[in-house]
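A short reminder: the numbers here are calculations on the coordinates, not readings from a lab. Only a predicted model underlies this, so the values are computations on that prediction, with no experimental measurement involved. Ideal geometry is used to build each Cβ from the backbone, glycine not excepted, and the neighbour counts take in all protein chains shown.
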Amino acid sequence: MPFRIILTVLTGAESDLRVLDAALDIARPIAARITALYADTDPDEIPAAYMADGMGVYITPEFQQSLEIQFAERREAASKHFDDWKHRNRIDAPGTPGSGPTTRLHIELGAMPELLQEHGPLADLIVTALPGNGESMALEAAMFRTGRPVLAIPAVGHATIAQTAPIAVAWKRGPESARALAAALPILSRCAGEISVLGVGEPDEPKNLTPVVDYLAMHGIKARGRTVPDRAGGTGAILLEEAGRHGAGLLVMGAYSHNRWRELALGGVTHHVLKYARLPVLFAH
């Protein structure tokens with residue numbers, strides 16, 4: 001089933017344009033709707049945001065005014081990014097369904113995790129920026145609060161998914177990988193490049209990938225299974241290395257098959273990919 005409604009997360013950073021471009025790459029062939037969401041801050045809520053352990057923190061009028069200016073500048077930047085992107089790509093909004101992609105910009109008061117929890121479940125796909133070494137609340141909220149697949153776009157490298165670029169699908173038996181595989185079908189079905197199903201493990205385990213290749217074949221998608229020997233560095237590093245070696249334009253994988261806090265504390269596959277990916281990653285939890 002194609003992605004008819006794509007929700008993009010805007011932050012006012014330059015990454016907004018990469019996120020919107022990635023969404024358009026998916027939306028354009030099927031005339032999907034792209035909804036851009038920006039979480040604005042209510043000036044009256046600024047003091048509440050600076051409470052520490054229940055103890056009041058005094059905010060001077062000058063400091064509050066500077067915060068209001070910062071929030072306004074960020075909001076205006078997000079709106080400008082959206083308008084510039086729409087103009088550059090000659091997208092009219094609203095448009096007639098079926099005539100091309102349509103777009104909407106929602107600027108709403110509130111925290112992004114709560115807004116994603118409200119809007120995300122009624123989207124077919126959520127597109128946001130990879131956090132890298134920075135804050136990841138929006139991406140994790142998209143994963144854990146919406147039940148929808150999340151396409152995460154890196155700050156550097158490719159933002160869009162070229163139809164001719166290879167795609168790497170990370171496979172580990174479990175519900176997260178199964179959901180990611182099913183969610184990626186609309187993208188995999190239009191891929192003209194090689195599709196590799198990657199399993200990290202012992203060399204004598206390629207039979208574990210045969211059912212995945214057969215599943216894709218039943219959906220009209222040709223893929224090959226490839227078992228990659230486990231080695232030092234961890235599964236996340238191996239997957240990114242293999243994807244890069246074969247020029248993949250997208251990595252598909254399940255997210256947080258282990259406890260999220262355990263991964264953050266001890267390191268894990270999802271945590272490593274979030275931090276170091278230089279290609280778009282389609283996650284499902």
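Of note:
- Exposure proxy order (Cβ contacts within 10 Å, fewest to most) of 60, 160, 103: 60, 160, 103
- Spacing of the two label points (7 Å from each Cα toward its C-beta) at residue 70 and residue 173, in nm: 5.0 nm
- The stretch 101-251 - convex hull of alpha carbons, volume per residue in Å³: 134 Å³
- Over the stretch 149-219 - Rg/Rh using Cα atoms and the Kirkwood inverse-distance radius: 0.97
- Label zone at residue 104 (point 7 Å along Cα-to-Cβ), backbone N below 15 Å, the stretch 21-37: 32-37
- Label-point separation, residue 60 to residue 30 (7 Å along Cα→Cβ), nm: 5.4 nm
- For residue 220, net neighbour charge (Lys/Arg +1, Asp/Glu -1) across residues whose Cβ lies under 14 Å away: +1
- Using a Förster distance of 51 Å, the FRET efficiency for residue 219-residue 80 (Cβ separation, nearest 0.05): 0.80
- When the charge dipole of the stretch 167-284 is built from unit charges on Cβ atoms (+1 for Lys and Arg, -1 for Asp and Glu) and taken about the Cα centre, the candidate among 238, 174, 283 whose Cα reaches farthest toward its positive end is 283.
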